[in-house]
Amino acid sequence: MGQAANERRESDNEAKAMAKHLRVSPQKLNLVAQTIRGKDAGTALTDLEFNNRRISQDVRKVLASAVANAENNHGLDVDRLFVAEAYVGKTITMKRFRPRAKGRAARILKPFSRLTIIVRERDSEAKKAPAKKTEAKKEDAPKTETAKKAPAKKVDAKKTTAKKAPAKKAAAKKEDK
């Protein structure tokens with residue numbers, strides 16, 4: 001009886017954790033979430049532990065929960081987890097009033113945020129991919145050397161045009177006389 005269970009929205013190699021009513025603005029929370037995106041789960045936990053922002057401890061709890069969900073609920077390897085997604089949304093906003101001069105009142109907005117962290121298990125192929133990136137950087141190195149030579153030619157061209165400019169002015173003065 002009743003409704004059938006919803007299908008799992010995440011893929012088999014990822015787990016999710018969420019905090020709904022964090023008392024901080026989404027903009028400030030996103031600054032902290034930005035520091036952990038794409039990092040290994042262990043490194044991200046360490047970074048959050050030593051982060052000076054107040055909300056970083058709540059973000060750390062959510063990340064720890066996502067890692068625990070991955071290990072206990074989905075049987076993923078904790079050592080191979082990384083933060084695949086960390087996104088922020090806004091929820092409710094408390095409205096308060098503060099007295100101001102001449103009997104007026106000013107509105108104070110106290111926003112709340114929502115944080116979702118998705119951790120994913122790295123594939124063994126993904127570790128080989130960064131090696132290809134370093135090869136690409138080596139190929140780019142000769143291009144930068146040629147780029148350094150090109151501006152030198154432009155400077156020479158500017159000098160020649162600068163030398164021609166006074167001659168034209170002198171010719172214009174002769175014509176006026």
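Odds and ends about this structure:
- Residue selection: S25 fails the criterion of being under 15 Å from A86 (Cβ atoms) and of a type in the set (S, T, Y).
- The number of residues in segment 1-28 that are of a type outside the set (S, T, N, Q) and outside any loop (DSSP other than H, G, I, E, B) comes to 11.
- Only one of R60, R37, R100 that is at pLDDT 95 or above and more than 29 Å from R122 (Cα to Cα): R100
- For segment 35-60, the set of residues classified as surrounded by fewer than 19 Cβ atoms within 10 Å (Cβ to Cβ), without any contact (Cβ under 8 Å) to a residue 40 or more places away in the chain and closer than 23 Å to T91 by Cα consists of T35, R53, R54, Q57, listed by residue number.
The values are calculated or read from the model by the stated rules, or taken from the named source; none is laboratory data. Everything quoted here is computed from the prediction, not taken from an experiment. Heads up, the Cβs are rebuilt from the backbone with ideal geometry, glycines too, and the neighbour counts pull from every protein chain shown.
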